[in-house]
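Down below is the structure, laid out as structure tokens.
The values are calculated or read from the model by the stated rules, or taken from the named source; none is laboratory data. Computed from a prediction, not measured in an experiment: that's the story for all the values here. Quick reminder, even Gly has a Cβ in these numbers, built from the backbone with ideal geometry, and neighbours come from all protein chains shown. Side chains included, ligands, DNA and RNA excluded: accessible areas come from the protein's heavy atoms. Shrake-Rupley method; radii C 1.70, N 1.55, O 1.52, S 1.80 Å.
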Amino acid sequence: MQDVRFDLPFDTPVSPHLAHARERHLRWVRERGLVRSAAGFEEYRSWDLSEAAARTYPHASADDMVVLMNWFSLAFLFDDQFDAARPDRAERIAEVARELIATPLRPAGTPPRVECPITLAWAEVWGHLSDGMSLTWKSRFAASWGRFLVAHCEEVDLAAHGRAATLGIEEYAVFRRRTVGIHHSIDAGERSRGFEVPAAAMAHPLMERMRDLAADTIGFMNDIHSFERERRRGDGHNLVAVLQRERDCSWQEAADEAYRMTTDCLDEYVALEARVPQMCDELGLDGDGRMRVRLGVEAIQHWINGNYEWALTTGRYAAAKDGPVATAEQAGRGSVDDLLGV
């Protein structure tokens, strides 16, 4: 279902630094041990997370673009470390996740207490990602990042105990909003352009709902585009799979309903976006505050459209694979390389 198209109401740019930053990023990934085998590197390169970062943070500087690509790599690779054949591995994933959560709560540059390629890479990246941002932003990012990682551990626990396919559609939708990890990703859009959305606007119910709807839209799109990969892995944490099971319908009927749910979320988001000027009036924001709100809205747009454009072509969601990668996925693993060991 990777070729499923959506009619998005806005276009977003691509960073002019993509090619140069991609080369630096791939070298960093190898040097930090985030890929450890030839098959792992070729699979990772086929994902082209560099393009995802260039589309979701199109205005970042050349150096910041590399930092954002590096962050993407460790987040995506950590997400794939669960092994269905080794449910005991859930404990190690939780231990590493706790370290990842703690890193933004410590002074930048603090060495991790739990060491593995993922935690060492994150400590390095956070030092750059947090540079120049206020304590308010760092705290907001840390909270969103923490909620995402806790949800990831809950997802791993469900799989480890054979309960990944037990959530109903309403429960799944709420859970997916946390596991997709979009709130902190939008927060990083502020860092990529050197601004911060006013705290009053961030706390407004309109902005909160827009961010939630963006997470829902992107999470559901991702489920549709990644369906073949997740079915190959036996992963029931997917909107299409949940709908098919709960409604006892065909895969096509489930996919059609998933598409409708996604477009409903997108339509509601667009309707709320039109009310942003009214929110700024209500809050009494000056010209600078309104400009920062506008940039915050653009950060959401960049993520909705940029992630969508990347998902249509990334090798991560390819319908057919062979070799070591296919063998690993069919065995219930998301990665051919173990990145949680020392």
Item to check | Rounded FRET efficiency, nearest 0.05, which uses the C-beta distance separating R294 from S61 and R0 of 35 Å | outcome: 0.95
Item to check | Cβ-based charge dipole, the chain, positive-most Cα from P9, A54, W251 | outcome: A54
Item to check | Residue among E95, E190, E43 with the largest mean-square fluctuation in a Gaussian network model of the chain, springs linking Cα atoms under 10 Å | outcome: E95
Checklist outcome for this item: Per residue, accessible area of the chain with a 1.4 Å probe, heavy atoms of protein chains only, in Å², comes to 41
Checklist entry - For region 117-218, what is the per residue volume of the convex hull drawn over the alpha-carbon atoms, in cubic angstrom? => result 110
Checklist entry - Q252 to T166: FRET efficiency via 1/(1 + (r/R0)^6), r the Cβ-Cβ distance, R0 25 Å, to the nearest 0.05? => result 0.60
Checklist entry - Picking from A108, A199, A299, which is most flexible by a Gaussian network model of the chain using Cα springs under 10 Å? => result A199
Checklist entry - Per the 1.4 Å probe, what fraction of the accessible area of region 273-338, in percent, lies on carbon and sulfur atoms? => result 48
Checklist entry - Taking all protein chains as present, what is the carbon and sulfur share of the accessible area of region 111-187, in % to the nearest whole number, probe 1.4 Å? => result 54
Checklist entry - Given a 1.4 Å probe and every protein chain left where it sits, what share in percent of the accessible area of region 26-98 is carbon and sulfur? => result 48
Item to check | Radius of gyration and Dmax over the Cα atoms of region 182-268, both given in Å | outcome: 16.1, 49
Checklist outcome for this item: Here, trypsin sites (Lys or Arg not before Pro) of region 266-311 satisfying both criteria (DSSP loop; at most 15 other Cβ within 10 Å) are R275
Checklist outcome for this item: Stretched fully, the stretch from L312 through D3 gains (0.36 nm per residue minus C-alpha distance, one decimal, in nm) 110.6 nm
Checklist entry - For the chain, what is the mean residue ellipticity at 222 nm derived from helices alone (per DSSP H run of n ≥ 4: -39500 (n - 2.57); sum divided by total residues; nearest 500 deg cm²/dmol)? => result -21500 deg cm²/dmol
Checklist entry - Evaluated at 25 °C with a viscosity of 0.890 mPa s, what Stokes-Einstein diffusion coefficient in µm²/s does region 1-132 have when Rh comes from the Kirkwood expression over alpha-carbon pairs? => result 152
Item to check | Pair-distance profile P(r), taking every C-alpha pair of the chain, with 20 angstrom steps and integer % | outcome: 31, 61, 8
Next on the checklist: If each residue of separation counts as 0.36 nm, what is the full-extension length gain between A108 and L283 once their alpha-carbon separation is subtracted?
Outcome noted: 59.7 nm
Item to check | Residues in region 56-100 reached by a label modelled at E115 [backbone nitrogen below 14 Å; 7 Å Cα→Cβ] | outcome: none
